[in-house]
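Below you'll find the structure, written out as structure tokens, and then a few comments.
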Amino acid sequence: MAVSLTPAEERTFEAGRGRAPRDLEAIETELLLEAIYRHYSFDFRQYAPASLKRRLWKRARAEGLDTLSALQDRVLHDPACMERLLLDLSVNVTAMFRDPPFYAAFREKVVPLLRTYPFIRIWNAGCSTGEEAYSMAILLAEEGLYERTRIYATDINETVLERARAGLFPIDQMRAYTENYIRAGGKRSFSEYYTAGYDRAAFSRSLTDNVVFAQHNLVSDHSFNEFNVIVCRNVMIYFSKGLQNQVHGLFHESLGVRGVLALGHKESIRFTAYEDCYEEIGHGQRLYRRTV
Ligand SMILES: C[S@@+](CC[C@H](N)C(=O)[O-])C[C@H]1O[C@@H](n2cnc3c(N)ncnc32)[C@H](O)[C@@H]1O
């Protein structure tokens, strides 16, 4: 029997049939992220969409799947697939003394402040495989401050944290890292800090004596201490504006009064809900001091 539709129903039906694949992709993305959140509690729902979609598709193709719905099915029923996806979603690119002028500004502007504290607590949020935490430990050791510092280096991803704890980095990176170290104002010979092996450089264990590597999700976990410095570089570029504001709320709550917040060179406190709570210090190197 033929079903007759009202003109309005016909328009809805046609619109549905003619829906562009992009709309479908948006629905599938939303459902996949919701499924991941409900089942695994990893909340990627507010990550910036362009890079997120690229990474979801990268995983789908690597799994031999044609749709994001198929990826949802696999992720829900195969925790190992979720682990692989997590690695894809968390962009782990990092380097020792990354953006050397940042470390030079840190030495010049932040170290004198830290000298006035009897004990220093630093939160390195989104530390990836640890190069940033090792760089900070080296800098503080050279300034005579490491002994009284505790660095809490956290990331959402346990796999990268295991690599951070091991302190083994590719030997072929050492040339670039040495150049970074010199440009960052390093005071010794960079090779003093590691023992070169066949393809790895093993960093001195003493550099992690005062570092705690732990899993922490900036989106869903709470504040866990009060810090003198929070370093969170190249993490929030992957977050939507709303999520950035939420995480800035977490940092504001976790930072002592007159504490320092360090962001990546493509990030800024400006145009966030917390811009009035900080003053900029340090030559445009994204170093901010909490004022209120
Ligand atoms: C591009 S790396 C930046 C590493 C380092 N901060 C640097 O600038 O070299 C971004 C890191 O943020 C972590 N990340 C992403 N979302 C996160 C979240 N919700 N909570 C904690 N870490 C997160 C990723 O796992 C990744 O290791």
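The values are calculated or read from the model by the stated rules, or taken from the named source; none is laboratory data. Computed from a predicted model, the values in this text were never measured in an experiment. Every residue, glycine as well, gets a Cβ built from its backbone with ideal geometry; the counts of neighbours run over all protein chains shown.
General observations
- Scoring Thr154 on the criteria (1) touching a Cys at 6+ places or on another chain (Cβ under 8 Å); (2) of a type in the set (Ser, Thr, Tyr); (3) away from the ligand (no atom under 15 Å from the Cβ) leaves a single failure, condition (3).
- Those helices (runs of 4 or more DSSP H) of segment 59-154 in which at least 2 residues are within 16 Å of Lys187 (Cα to Cα) and in contact (Cβ under 8 Å) with a residue 12 or more places away in the chain, considering only elements entirely within it, cover 100-105, 131-142.
- Test: Tyr146 is surrounded by fewer than 16 Cβ atoms within 10 Å (Cβ to Cβ), of a type in the set (Ser, Thr, Tyr), closer than 21 Å to Asn225 by Cβ and more than 14 Å from the ligand (Cβ to nearest atom): no
- Out of Arg59, Arg55, Arg74, sole residue that is crowded, with 16+ Cβ neighbours inside 10 Å and within 13 Å of the ligand (Cβ to nearest atom): Arg55
- Number of the exception - Ala164 against (1) within 11 Å of the ligand (Cβ to nearest atom); (2) among the aliphatic types (A, V, I, L, M); (3) assigned to a strand (DSSP E or B): (3)
- One residue alone among Ala141, Ala133 is among the hydrophobic types (A, V, I, L, M, F, W, C), within 29 Å of Val257 (Cβ to Cβ) and within 16 Å of the ligand (Cβ to nearest atom), and that residue is Ala133.
- Flag if Asn234 is of a type outside the set (Gly, Ala, Ser) and surrounded by 13 or more Cβ atoms within 10 Å (Cβ to Cβ): yes
- Qualifying residue in segment 244-265 (condition: on the phi > 0 side of the Ramachandran plot and surrounded by 15 or more Cβ atoms within 10 Å (Cβ to Cβ)): no
- Residue count, segment 146-173 (criterion: under 18 Å from Trp123 (Cα atoms) and either touching a Ser or Thr at 6+ places or on another chain (Cβ under 7 Å) or not acidic (Asp, Glu) (or both)): 15
- Subset tally (residues that are of a type in the set (D, E, K, R), modelled with pLDDT of 95 or more and within 13 Å of the ligand (Cβ to nearest atom)) for segment 223-266: 1
- Test: residue in segment 192-215 that is within 14 Å of the ligand (Cβ to nearest atom) and surrounded by fewer than 21 Cβ atoms within 10 Å (Cβ to Cβ): yes
- Close pairs (7 angstrom Cβ cut-off, 6 or more residues apart or separate chains): of a type in the set (D, E, K, R) in segment 164-186, modelled with pLDDT of 95 or more anywhere: Arg165/Phe213; Arg183/Pro100
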